[in-house]
Amino acid sequence: MKKYEIVKEVYSPCAPDTCEITEQEVENPEAYVREMFKSDKSAEFSITEKDGAVIIEVVCEAAQRHRYTFSEI
């Protein structure tokens, strides 16, 4: 497993935006995020890489958007 700094940002049209930063060991960033949204059938995933970081964006119902940025440490 690799250790990552994970920045979780949540953008919601009905509530204030939030940001949370954690450090965690994760085998696969994509599988980690998909597991969190496995019960949300409306979730749409987008995965990109920028400057060595893996960025996973998830759009859910009501236009709520989650962005997870995984930077290896």
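The values are calculated or read from the model by the stated rules, or taken from the named source; none is laboratory data. Because the structure is predicted, anything quoted here is derived from the model rather than measured. Glycine also receives a Cβ, built like all others from the backbone with ideal geometry; neighbour counts cover every protein chain displayed. Keep in mind that these areas ignore ligands, DNA and RNA; they rest on the heavy atoms of the full protein, side chains included. Shrake-Rupley method; radii C 1.70, N 1.55, O 1.52, S 1.80 Å.
Here are the numbers for the structure shown:
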| read-out | value |
| --- | --- |
| Hey, A15 of a type in the set (G, A, S) and within 16 Å of E61 (Cα to Cα) or not | yes |
| Leading residue by the ranking (modelled with the highest pLDDT) among those in region 25-50 that are polar (S, T, N, Q) and out of contact with any strand residue (DSSP E or B) (no Cβ under 6 Å at 6 or more places or on another chain) | N28 |
| Some residue of region 5-12 being open to solvent by 50 Å² or more (accessible area, probe 1.4 Å) and either free of Cβ contacts under 8 Å to residues at least 40 places away in the same chain or aromatic (F, W, Y) (or both) | yes |
| Residue that is among the aromatic types (F, W, Y) and either outside any strand (DSSP E or B) or in contact with a Phe, Trp or Tyr (Cβ under 7 Å, 6 or more places away or on another chain) (or both), where the choices are Y4, Y68 | Y4 |
| Residue in region 58-71 that is open to solvent by less than 70 Å² (accessible area, probe 1.4 Å), of a type in the set (G, A, S) and free of Cβ contacts under 8 Å to residues at least 40 places away in the same chain present | no |
| Residues being open to solvent by 50 Å² or more (accessible area, probe 1.4 Å), over 14 Å from T69 (Cα atoms) and among the acidic types (D, E) - total across region 26-43 | 2 |
| So E35, is it free of Cβ contacts under 8 Å to residues at least 12 places away in the same chain and of a type in the set (D, E, K, R) | yes |
